[in-house]
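Just so it is clear, none of the values below were taken in a lab; they were calculated from the coordinates. Small disclaimer: the values here were computed from a predicted structure and weren't measured. Positions of Cβ are backbone-derived with ideal geometry, glycine not excepted, and every protein chain shown enters the neighbour counts.
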Amino acid sequence: MSRIKMFLKEMEETAVTTRKMLERIPNDKFDWQPHPKSMTVKRLATHIAELPSWVPMALTTDELDFADNPYQQENVNTTEELLAYFERSLQDGRSHLIEKYEEVLDKDWTLRNGKQVYSVEPKADVIRMSLNQIVHHRAQLGVYLRLMDIPIPGSYGPSADEM
């Protein structure tokens, strides 16, 4: 199996559980946060929803420089808008996981802020990181939901709420 096909398979599998987590967020909880240093539900969930769009960025560019491209998070205010944004990001990521990009996976991609370089990694590693970040932040969201007494879905089997 090519790496592109492997990434596509993983993206599709990850999307199923991610969608279930995002759809559980009540509209009136977007501003909730467990601690002042923690992200709000809105910021965390929107970040999860945008992560599939890192795949085309990694495949079609050689870097992201925050000095030239300040981070602007999508403004979503309802669970419906959040899910629609996730589906757009997912479709964008999915549409770029095609065989023609297999040849660029070993080329370097840089994350920087002006002269400060955060990382230089092969594009394949950036894709892997973005998929891992979905799972990582989805787990954070699961903790947020649990703290708000919202039942969470299982990720790799049933959750305590589904037993």
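Using the Cβ-Cβ distance between residue 116 and residue 23 with R0 set to 30 Å, the FRET efficiency works out to roughly 0.20.
Residues in region 12-25 carry Karplus couplings, in order, of 5, 5, 5, 4, 4, 6, 4, 4, 4, 5, 5, 6, 7, 6 Hz; the curve used is 6.51 cos²θ - 1.76 cosθ + 1.60 with θ = phi - 60°, and Gly or Pro positions show x. Each residue of region 103-116 is assigned a 3J(HN,Hα), and the resulting list reads 6, 9, 4, 8, 6, 6, 10, 10, 10, 8, 10, x, 7, 7 Hz, derived from the Karplus form 6.51 cos²θ - 1.76 cosθ + 1.60 (θ = phi - 60°), x at Gly and Pro.
Across region 151-163, rounded Karplus estimates of 3J(HN,Hα) from the backbone phi angles (6.51 cos²θ - 1.76 cosθ + 1.60, θ = phi - 60°) give x, 10, x, x, 9, 10, x, x, 8, 4, 6, 9, 7 Hz, Gly and Pro being marked x. Could you sort out which of 37/115; 20/42; 9/100 sit more than 25 Å apart by Cα distance in this structure? Over 25 Å apart, Cα to Cα: 37/115. For region 3-157, the ratio of Cα radius of gyration to the globular rule of thumb 2.2 N^0.38 Å stands at 1.07. Taking the Cα centre of the chain as reference, the dipole from Cβ charges on Lys and Arg (+1) and Asp and Glu (-1) amounts to some 300 debye.
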